[in-house]
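Note sheet for the following structure.
The values are calculated or read from the model by the stated rules, or taken from the named source; none is laboratory data. This one's a predicted model, so the numbers in the text were calculated from it and none came from an experiment. Reconstructed Cβ throughout: ideal geometry from the backbone, glycine too, with neighbour counts over all protein chains shown. Ligands, DNA and RNA are excluded from the accessible area calculation, which covers all protein heavy atoms including side chains. Shrake-Rupley method; radii C 1.70, N 1.55, O 1.52, S 1.80 Å.
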Amino acid sequence: MTRSAHDRTHLVIADDLSGVASHAADLFVRLSRSADLAGGRFAVALSGGSTPRALHALLSAPPYYDAVHWPAVELYWGDDRCVPPDDPESNYRMARETLLEALLARGAIRDEQIHRMHTELPPDQVAEAYERELRHAFTLAEGHLPRFDLLFLGMGPDGHTLSLFPHTTALTVTDRLVTANYVSKLSSNRVTLTYPVANNAAAVAFLVAGADKAEALARVLDGPRNPEEFPAQFIAPTDGDLYWLVDRAAAAQVQRGATG
Ligand code: 6PG
């Protein structure tokens, strides 16, 4: 019997960001072990912004570091800013500083397992190149979508996720895996997975922390469906588990109960 989307949506409310990161690291270890035991690769997409820093710090050191079979892990990004990879705004740079350098220094992973977006290129070329890389890495037949084992997401105070910002063109792109997206309110060129790719993941985990997210989180979780205004509402895995790993401050206005 297939489980309903409702049964596969998990809301975990932690005391603080540290608790959110611990739940996320536990999930990473649990799912990576399942993939490893199945003899497969563990394809995980990292998110940007600042929230993931706490998760990356946990994964970079014992006990979590020792619990992951790193040679089976393939690291991707859900989105990035169209800046050079060493730019302070780069999501890749944030991951490199907080996770990748530690893994590479220990020989836990090889450069070939790191699939960054080549954001030094013009935006459309970044998107086209990443789409080609995904088609190759996942050996996709035409019309098929990559299935990430775990996709980490954040959410902005405006309800955006990935680089799917309210009322931007990327929200309408459903025939590609990756798209460029100019975010006028930030004067920022971005590249992002499209939401059909996100929804094809086996597991999606939002990490949301801080009082500034409280209104948007309540609107996304409990409010009427309005994904053009709150793009995080586009995220609904078609055959996967959805985890909302949030802290008490972000959940302050959420009506629905935690599931554990
Ligand atoms: C980005 C992210 C974006 C992020 C949210 C939350 O490139 O900025 O992918 O979707 O996850 O903006 O960011 P914080 O974790 O910094 O609040």
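Some notes on this structure:
- Selection status of Tyr76, at negative phi, open to solvent by less than 60 Å² (accessible area, probe 1.4 Å) and free of Cβ contacts under 8 Å to residues at least 40 places away in the same chain: no
- When residues in the stretch 6-16 are screened for being open to solvent by less than 10 Å² (accessible area, probe 1.4 Å) and without any contact (Cβ under 8 Å) to a residue 12 or more places away in the chain, 0 of them pass.
- Scanning the stretch 17-53 for residues that are in contact (Cβ under 8 Å) with a residue 40 or more places away in the chain, within 15 Å of the ligand (Cβ to nearest atom) and assigned to a helix (DSSP H, G or I) turns up Leu17, Val20, Ala21, Ala24, Pro52, Arg53.
- Any hit, the stretch 61-73, residues being away from the ligand (no atom under 16 Å from the Cβ), within 30 Å of Gln125 (Cα to Cα), open to solvent by less than 10 Å² (accessible area, probe 1.4 Å) and not aromatic (Phe, Trp, Tyr): yes
- Flag for Thr161 being away from the ligand (no atom under 12 Å from the Cβ) and either open to solvent by 50 Å² or more (accessible area, probe 1.4 Å) or not aromatic (Phe, Trp, Tyr) (or both): no
- Of the helices (runs of 4 or more DSSP H) lying entirely inside the stretch 58-116, the ones with 2 or more residues being within 18 Å of the chain's Cα centre (by Cα) are found at 91-95.
This table checks each residue for (1) surrounded by fewer than 18 Cβ atoms within 10 Å (Cβ to Cβ); (2) in contact (Cβ under 8 Å) with a residue 12 or more places away in the chain; (3) more than 15 Å from the ligand (Cβ to nearest atom).
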residue: Gln125; (1), (2), (3): yes, no, yes
residue: Arg132; (1), (2), (3): yes, no, yes
residue: Phe148; (1), (2), (3): no, yes, no
residue: Leu177; (1), (2), (3): no, yes, yes
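- A single entry from Gly257, Gly223, Gly210 fulfils the requirement of being at pLDDT below 95, surrounded by fewer than 19 Cβ atoms within 10 Å (Cβ to Cβ), out of contact with any Cys (no Cβ under 6 Å at 6 or more places or on another chain) and over 28 Å from Leu145 (Cα atoms): Gly257.
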